[in-house]
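One structure below.
Taken together, the values in this text are just the output of simple stated rules run on the coordinates, not laboratory data. Every value quoted in this text rests on a predicted model; they were computed, and no experiment measured them. Here the Cβ is made from the backbone with ideal geometry for all residues, glycine too, and neighbour counts use every protein chain on show.
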Amino acid sequence: MRNNGAKVPGQPARYDAKKGTEMADVNRGNRPLSPHVTIYRPQLTSVTSIFTRITGNALIVAALMIVWWFVAAATGPEAFATANGFVTSWFGDLVMFLSVWAVWYHMLFGIRHLIWDSGHMLDVPRSETFAQAAIIASVLLTIFTAIVV
Amino acid sequence: MAYLTDRKRAAGMGSAKSGTDHHWKMMVTSVALVPLVIAFIFTFGAVLGQPYEAVVAYYQRPMPAIIAGLTIFVSFYHFRGGVQTMIEDYVKGFARKAAIIGMICLSYFAAAAGVFAVVRLAL
């Protein structure tokens, strides 16, 4: 893939043969990159995608609290009182409530990935319809969980 | 200035050949977690906030204990794969390696602690 400094229409020449750089490409890492998040208009597909990652990784906080709660329950009444007091405090309640939403959201949009992986729903209109429905469903399921639990 | 050819620079820098396995494991654990997490939310949620004796008695029953143990193990296995992908995307160099090793160790430690606690409560 030699360019030899020939100008591609509409693009700047990337190599200069006179400098002898076509072999050891010193311009490596300084090429134009595809549009990145800072200049790319946010879309429902991209925003819901990054929130899938954020919710999934943020769930580590609630997961570690739950593990602590189980270890404390297996240790004895005093340890359980400490862990249970923290998990059911206003701060623990807030983390658990947000995590309930995060887990429903992550589950619904994880299912979207499974559907995509099977080769279905790969067009933008249906992906966006699913995204809108899943956002609403995640909120409704969170309210339902908060009422039932 | 380096006299490396493009061919030489690319040699040995290919994929680690483990991407398909990673993706498949994420698929399997995510499918497993759909029923597990739903069951866990409503079993764990039922006893959260109850007194110590009630919690111990509840997790001596087989189904709540099996659901809790499986959910803890599979979800930390799933987290281990997901967090590795996130670190690979955003962290570079030595910090990447250190973060991946640290998070894998944390995941297995938390999974082991959680499963041990559930087994001890149940037996």
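Express in whole angstrom the spacing between the alpha-carbon centres of the stretch B:39-64 and the stretch A:47-89.
Spelled out, the Cα-based centre of one part sits 15 Å from the other.
Quantify how much of the Cα-Cα distance distribution of chain B extends past 18 Å, in percent. Write out the running numbers ahead of the final one.
Values: 4882 of 7503 pairs.
In whole percent, the share of Cα-Cα pairs in chain B beyond 18 Å is 65.
Say each of B:E88 and B:F109 gets a label point 7 Å from the Cα, pointing the same way as Cα to Cβ; how far apart are those two points in nm?
If labels sit at B:E88 and B:F109, their model points lie 2.4 nm apart.
Taking the Cα centre of the protein assembly as shown as origin, sum charge times position over the Cβ atoms of Lys and Arg (+1) and Asp and Glu (-1), and report the length of that vector in debye to the nearest 20. Don't skip to the end; give the middle numbers.
Working: 22 positive and 13 negative charges, 285 e Å.
Computed charge dipole of the protein assembly as shown: roughly 1380 debye.
Under the definition of Cα pairs under 8 Å and six or more residues apart, what whole-number percent is the relative contact order of the stretch B:1-113?
Across the stretch B:1-113, relative contact order equals 26 percent.
Which ³J(HN,Hα) values, rounded to whole Hz and listed in residue order, are derived for the stretch B:18-24 from phi using the Karplus coefficients 6.51, -1.76 and 1.60 in 6.51 cos²θ - 1.76 cosθ + 1.60 with θ = phi - 60°, glycine and proline given as x?
The phi angles translate into 10, x, 5, 5, 4, 4, 4 Hz.
Can you give the mean number of other chain Cβ atoms that lie within 10 Å of the Cβ atoms in peptide A:71-77?
Taking the mean over all residues of the peptide, I get 6.
Under the definition of partner shielding as Cβ atoms of other protein chains within 10 Å of a residue Cβ, what is the mean value for peptide A:56-67?
Counting Cβ atoms of other protein chains within 10 Å of each residue's Cβ and averaging gives 5.
What does the helix-only formula give at 222 nm for chain B: each DSSP H stretch with n ≥ 4 adding -39500 (n - 2.57), the total divided by the residues, and the result rounded to the nearest 500 deg cm²/dmol?
-28000 deg cm²/dmol
Could you give the nm distance between label points at A:A137 and B:K17, where each point is 7 Å from its Cα heading toward the beta carbon?
3.9
Once the Cβ-Cβ distance between A:S89 and B:R120 is put in as r, and R0 is 22 Å, what FRET efficiency do you end up with, to the nearest 0.05? Before the final figure, lay out the partial values.
On the way: r = 25 Å, r/R0 = 1.14.
Here the calculated transfer efficiency is 0.30.
Count, for each residue of B:4-11, the Cβ atoms from other chains sitting within 10 Å of its Cβ, then give me the mean as a whole number. Don't jump to the answer; show the numbers that get you there.
Details: counts 3, 3, 7, 0, 1, 3, 0, 0.
Across the residues of B:4-11, the mean count of other-chain Cβ atoms within 10 Å is 2.
Test of understanding: express the Cα radius of gyration of the stretch A:44-148 as a ratio to 2.2 N^0.38 Å, with N the residue count. Display every interim value, and only then the final one.
Details: Rg = 16.9 Å, N = 105, 2.2 N^0.38 = 12.9 Å.
After normalising by residue count via 2.2 N^0.38 Å, the value is 1.31.
In debye, nearest 20: dipole of chain B around its Cα centre with unit charges on the Cβ of K, R (+) and D, E (-)? Numbers along the way, then the final one.
Values: 11 positive and 5 negative charges, 108 e Å.
It works out to roughly 520 debye.
Note down the relative contact order for the stretch A:57-123 as a percent, whole number, built from C-alpha pairs under 8 angstrom at least six residues apart.
Working: 24 pairs, mean separation 19.8, N = 67.
30 percent.
Could you pull the Cα extents of the protein assembly as shown along its three principal axes, largest to smallest, in whole Å?
On the principal axes, the protein assembly as shown reaches 82, 40, 33 Å in Cα extent.
Summing Lys, Arg as +1 and Asp, Glu as -1, what charge do residues with Cβ under 13 Å from the Cβ of B:G69 carry, B:G69 excluded?
Its environment carries a net charge of +2.
Name the residue farthest towards the positive end of the dipole of chain B from the options B:Y77, B:Y3, B:V55, assuming +1 on Cβ of Lys and Arg, -1 on Cβ of Asp and Glu, about the Cα centre.
The Cα lying farthest towards the positive end belongs to B:Y3.
Counting other Cβ atoms within 10 Å of each Cβ, which trypsin sites (Lys or Arg not before Pro) in the stretch B:29-123 have at most 10 and sit in a DSSP loop?
Details: sites: B:R80, B:K92, B:R96, B:K97, B:R120; in loops: B:K92.
Listed in order of number, the matching sites are B:K92.
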